[in-house]
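Notes follow once the structure below has been shown.
The values are calculated or read from the model by the stated rules, or taken from the named source; none is laboratory data. Quantities reported herein were computed from a predicted structural model and do not represent experimental measurements. Note that we place each Cβ from the backbone using ideal geometry, even for glycine, and neighbour counts take in every protein chain shown.
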Amino acid sequence: MGLIHLDAGVVIGFLDRDDAHHQAASDTMTQALRNGDRLAMASSAFAECLVGPARRGPAEVQLVRDLFERVPITIVPLTAEIAVTAAQLRARHRSLRLPDAIIIATAVEHGADQLVTTDRKWPTARSLKTSTTIRHL
């Protein structure tokens, strides 16, 4: 059993059957739950997951919130420590956007074993010099 942080693309893919990452995201979520892994997500990534549902109305937002409670997926708030780590990551990796650095920093500071993303533009865990494994779907 471990701690797996999810990037927004994983949850978005899980929720949308037409998304290119739907099957991989579904498999990832199913396997994590079977293994008894704990799931978490940066609050900024959670907000990203809610953009599409917010366009469709409050009932759709509530469906996503209900999913997070049922699974459960812990939402990790932004702290000063996470902000410092995100700034350091962004400073060392100019191609890394700050929103992505915040998600990576959240996983690192929260002690995640793994961070799962659909974003292939992220640097590797090795180049980030972090013990949190980054897995791309």
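Take Gly111 and decide whether it is at positive phi and either part of a helix (DSSP H, G or I) or touching a residue at least 60 places away in the same chain (Cβ under 8 Å) (or both).
Here the answer is yes, as Gly111 does meet what is asked.
This table checks each residue for (1) in a helix (DSSP H, G or I); (2) out of contact with any helix residue (DSSP H, G or I) (no Cβ under 9 Å at 6 or more places or on another chain); (3) farther than 23 Å from Ile12 by Cα; (4) free of Cβ contacts under 8 Å to residues at least 24 places away in the same chain.
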{"residue": "Glu81", "(1), (2), (3), (4)": "yes, no, yes, no"}
{"residue": "Thr85", "(1), (2), (3), (4)": "yes, no, yes, no"}
{"residue": "Leu89", "(1), (2), (3), (4)": "yes, no, yes, no"}
{"residue": "Arg94", "(1), (2), (3), (4)": "no, yes, yes, yes"}
{"residue": "Ile104", "(1), (2), (3), (4)": "yes, no, no, no"}
{"residue": "Val116", "(1), (2), (3), (4)": "no, no, no, no"}
{"residue": "Asp119", "(1), (2), (3), (4)": "no, no, no, no"}
{"residue": "Arg126", "(1), (2), (3), (4)": "yes, yes, yes, yes"}
{"residue": "Ile134", "(1), (2), (3), (4)": "no, no, no, no"}
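For every residue, the table says whether it meets (1) of a type in the set (Lys, Arg); (2) touching a Leu at 6+ places or on another chain (Cβ under 6 Å); (3) surrounded by fewer than 18 Cβ atoms within 10 Å (Cβ to Cβ).
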| residue | (1), (2), (3) |
| --- | --- |
| Arg65 | yes, no, yes |
| Arg94 | yes, no, yes |
| Ala101 | no, yes, no |
| Ala112 | no, yes, no |
| Leu128 | no, no, no |
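Just to be sure, is Ala8 crowded, with 21+ Cβ neighbours inside 10 Å and touching a Gly at 6+ places or on another chain (Cβ under 7 Å)? No; evaluated as a whole, the condition is false for this residue.
Within region 45-74, if we keep just the residues that are assigned to a helix (DSSP H, G or I), within 20 Å of Val116 (Cα to Cα) and touching a residue at least 40 places away in the same chain (Cβ under 8 Å), the residue that is nearest to the chain's Cα centre (by Cα) turns out to be Ala45. Of the numbered criteria (1) modelled with pLDDT of 95 or more; (2) on the phi > 0 side of the Ramachandran plot, the one Gln62 fails is (2).
Reported count of residues in region 21-53, each being among the acidic types (Asp, Glu) and surrounded by fewer than 15 Cβ atoms within 10 Å (Cβ to Cβ), is 1. Of the residues making up region 12-42, those that are assigned to a helix (DSSP H, G or I) and in contact with an Asp or Glu (Cβ under 9 Å, 6 or more places away or on another chain) number 5. Residue check: is Val84 modelled with pLDDT of 95 or more and either in contact with a Lys or Arg (Cβ under 9 Å, 6 or more places away or on another chain) or not polar (S, T, N, Q) (or both)? So Val84 fits the description; yes.
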